[in-house]
Every structure is written in structure tokens, then in C-alpha cells.
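The values are calculated or read from the model by the stated rules, or taken from the named source; none is laboratory data. Because the structure is a prediction, the values reported are computed rather than measured. All Cβ positions, even for glycine, are placed from backbone atoms using ideal geometry, and neighbour counts span all protein chains on display. Just the protein is used for accessible areas: all its heavy atoms, side chains included, with ligands, DNA and RNA removed. Shrake-Rupley method; radii C 1.70, N 1.55, O 1.52, S 1.80 Å.
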There are 2 protein chains.
Amino acid sequence: MRHKKTSVGNVTVLERLRASGLRPTRQRLALAKLLFARGHRHASAEQLFNEAKTHRIEVSLATVYNALHDFTAKGLLREISIDSGGSYFDTNTSYHHHFYFERSGHLEDIAADRIAIAALPDAPGGAEISRVDVIIRVNG
Amino acid sequence: MRHKKTSVGNVTVLERLRASGLRPTRQRLALAKLLFARGHRHASAEQLFNEAKTHRIEVSLATVYNALHDFTAKGLLREISIDSGGSYFDTNTSYHHHFYFERSGHLEDIAADRIAIAALPDAPGGAEISRVDVIIRVNG
DNA sequence: GTTATATTTTAGAACCATTCTAATCTTATT
DNA sequence: AATAAGATTAGAATGGTTCTAAAATATAAC
């Protein structure tokens with residue numbers, strides 16, 4: 001048996017891709033499975049690329065970048081850059097914040113309701129607020 | 001007259017450098033003057049480098065980077081990276097936050113008291129919070 | 001199913017911000 | 001002045017990301 005025709009994870013991922021208007025290619029399916037199979041995660045392009053290698057998924061680094069950006073554009077991922085020199089892609093796209101561990105570079109989600117922002121200024125010049133990010137840097 | 005021996009801005013800057021234990025070299029003095037002469041600002045390495053060129057200050061790009069990092073290490077500047085691919089150096093080192101204009105890449109300070117954070121979670125695993133950054137992204 | 005059309009993948013080159021190297025020059029100290 | 005420590009420099013190197021243009025694949029139309 002070379003292929004599983006369907007698996008629960010596979011179908012879900014396939015449907016998610018179709019639903020967002022992205023062609024479910026072999027590469028996108030495989031990468032999406034890696035990203036969305038288990039709970040939420042923060043992945044860099046390089047990390048995902050290596051993970052794919054480990055799983056014997058043949059995919060180029062360019063395709064990993066393309067897929068991550070396509071997924072982000074369709075709202076399946078959210079891009080985060082904290083230190084210059086590498087962004088992370090977060091599978092949790094709902095409103096939330098982050099701990100950033102300065103020593104290790106590790107990111108950890110903070111549920112939105114754990115940070116209460118009482119007052120927020122209006123955007124200057126009638127601009128619209130598109131997102132509010134709270135990053136708590138910890139030296140851990 | 002080739003050099004002004006002293007000027008108010010010069011003396012202040014020279015004192016600031018000495019006070020922080022940095023040798024006040026020609027290059028550091030010139031760059032510090034550009035940075036601190038007027039009110040607070042956000043400068044990238046490239047921007048500062050070009051500004052130096054415009055002012056006929058001969059300084060290499062490596063020195064601009066060195067100076068910016070040295071100033072940051074001594075607490076004269078604060079480094080901010082929002083999108084991967086370039087950091088800014090903020091002359092305002094006191095606690096405050098930022099508007100980020102997604103279209104232009106422009107940064108604008110938000111005084112700390114304009115954002116009230118009512119509840120903040122403890123850092124996990126007994127780590128210490130080193131900084132809290134609030135970035136309000138606006139599409140302007 | 002086949003064909004036509006649009007989209008995707010790919011290897012490798014190119015790019016850009018940043019850091020490194022190791023030689024030269026400056027500053028501060030004696 | 002001589003010395004030692006620190007700073008500057010041009011250019012090479014690095015690392016993450018994007019580009020290019022050709023080959024492969026997915027969908028739509030027949």
C-alpha cells in the first residue's frame with residue numbers, strides 16, 4: 001500500500017486548502033499536514049523545510065516559502081517577526097499575544113484574555129488598526 | 001574656520017558618550033549628533049549611513065552598525081524589529097510603544113500612559129520579563 | 001479521457017541586511 | 001614620544017528570503 005486514499009487529517013487539510021481557494025497540490029498538502037496535524041505551533045521556513053526532509057517529502061525551499069506566504073495570504077497562518085533575521089508562521093490565527101524567550105528564540109502563545117488592555121489610542125490620521133501585538137520578552 | 005571647537009549639541013553628545021564609557025571618536029560623535037541633535041527618532045542603519053554621506057561625514061557602513069550596536073548596548077538607543085529585514089534604532093529608550101504603518105514602514109511612538117495594560121501574565125517557568133512591547137499596526 | 005489554460009514547482013542565481021576579517025589607524029595612557 | 005587598547009575600514013562572507021525562467025501539474029473545456 002503506497003498511499004492512504006484518505007485519512008481524517010488529510011481530508012481536513014484538503015478541504016481547508018480548497019475552501020481558501022488554493023490548489024491542493026502534493027507539496028501544499030504535505031506541508032499543511034505537517035503544520036496543522038497537531039495543535040498550534042510556530043514554524044520557521046527552515047524548520048518546516050527540514051521537517052519535510054525528515055518525512056521524505058520532496059519539496060524545495062522556494063516552495064516552502066511560497067506555501068507559507070500563500071497560507072498566510074489566505075488567513076491559514078499568521079506571520080510574526082520579532083528579531084530581524086527570520087520570521088515565524090503561527091498556526092494560531094485568532095487574536096492572541098506572545099511570550100518571546102530571548103535566549104532561545106522560542107515563542108509561546110498568550111491567550112487574548114490573559115492580557116487586558118484597558119485603553120488603546122486611536123490610529124493617527126484616521127488610519128485603521130489592523131492588528132495589535134503584545135510581545136512579552138522574557139530572558140529565559 | 002574648519003571646525004567648531006564646541007557647540008551645545010557637540011558637548012552634550014561628547015559627554016553622553018564619555019559617560020557611557022564609549023570613546024568619543026570622530027565617527028561616533030558625528031553619528032551621535034545626527035541621531036540625538038533634534039527630538040526622538042527611529043533610524044535604520046542604511047538611513048543613518050546615507051544621512052552621514054549627505055553631511056559629508058566619511059564613515060563606513062560597518063562603523064554605522066558598530067556604533068548603533070554600541071549605543072544600544074550602553075542604553076543610548078533601543079533596537080526594534082517589526083518586519084524581518086531591517087531593524088530600527090529608537091532614540092527614545094524609555095518605556096513606550098509604537099504605531100507601525102504597514103504601507104510605509106514608518107514607526108511612531110506611543111507614550112506609555114496612552115496604553116493601559118490592566119492584566120499581564122507572569123512569565124512562564126519563573127523567567128523574568130525584560131520588556132513588554134505593544135505594536136499597533138495600522139494600514140496607513 | 002484528451003487537450004488547452006492557468007497555476008505551481010523547482011534549482012540555482014540574485015538580493016539585501018547584517019556580520020566578519022584582519023590590516024590600518026586613533027585614542028588614551030605611560 | 002612610545003605603547004597598548006580600542007575603533008575603523010573595505011571587502012568578503014553569511015543567512016534569510018525572493019526572483020527567474022523552464023519544466024511539471026492541476027483544473028476546465030471539450
Can we say A:Phe89 is over 30 Å from B:Ala116 (Cβ atoms), part of a strand (DSSP E or B) and open to solvent by less than 40 Å² (accessible area, probe 1.4 Å)?
yes
Here's a check for you: in region B:74-86, which residue that is open to solvent by 20 Å² or more (accessible area, probe 1.4 Å) and under 11 Å from the mean Cα position of the chain (by Cα) is farthest from DNA strand D (Cβ to nearest atom)?
B:Arg78
Residues (under 16 Å from A:Val134 (Cα atoms) and either in a strand (DSSP E or B) or hydrophobic (A, V, I, L, M, F, W, C) (or both)) located in region B:70-86:
B:Ile80, B:Ile82
So A:Ala118 fits all but one of (1) more than 21 Å from B:Phe99 (Cα to Cα); (2) among the small types (Gly, Ala, Ser); (3) open to solvent by 50 Å² or more (accessible area, probe 1.4 Å); what number is the exception?
(1)
Of the residues that make up region A:74-83, is at least one under 30 Å from A:Glu15 (Cβ atoms), of a type in the set (Lys, Arg) and away from DNA strand C (no atom under 11 Å from the Cβ)?
yes
Being modelled with pLDDT of 95 or more, small (Gly, Ala, Ser) and under 20 Å from A:Pro124 (Cα atoms): is that true of B:Ala111 here?
yes
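Can we say B:Ser60 is within 12 Å of DNA strand C (Cβ to nearest atom) and under 12 Å from the mean Cα position of the chain (by Cα)?
Working: within 12 Å of DNA strand C (Cβ to nearest atom): yes; under 12 Å from the mean Cα position of the chain (by Cα): no.
Spelling it out, it is not the case that B:Ser60 is within 12 Å of DNA strand C (Cβ to nearest atom) and under 12 Å from the mean Cα position of the chain (by Cα).
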From the list B:Asp113, B:Asp122, which one is assigned to a loop (DSSP other than H, G, I, E, B) and closer than 30 Å to A:Ala111 by Cα?
B:Asp122
Could you list all residues from region B:16-41 that are in contact with a His (Cβ under 8 Å, 6 or more places away or on another chain) and either within 11 Å of DNA strand D (Cβ to nearest atom) or open to solvent by 40 Å² or more (accessible area, probe 1.4 Å) (or both)?
B:Ala30
Name the residue, out of B:His96, B:His106, that is open to solvent by 60 Å² or more (accessible area, probe 1.4 Å) and at negative phi.
B:His106
State which residue is farthest from the other protein chains (Cβ to nearest Cβ) when the search covers only region B:126-140 and only residues that are surrounded by fewer than 17 Cβ atoms within 10 Å (Cβ to Cβ) and either among the small types (Gly, Ala, Ser) or assigned to a loop (DSSP other than H, G, I, E, B) (or both).
B:Gly126
Within region B:99-125, count every residue that is within 16 Å of DNA strand C (Cβ to nearest atom) and either within 7 Å of chain A (Cβ to nearest Cβ) or not aliphatic (A, V, I, L, M) (or both).
4
Return yes or no: is B:His69 within 14 Å of chain A (Cβ to nearest Cβ) and farther than 30 Å from A:Ala112 by Cβ?
yes
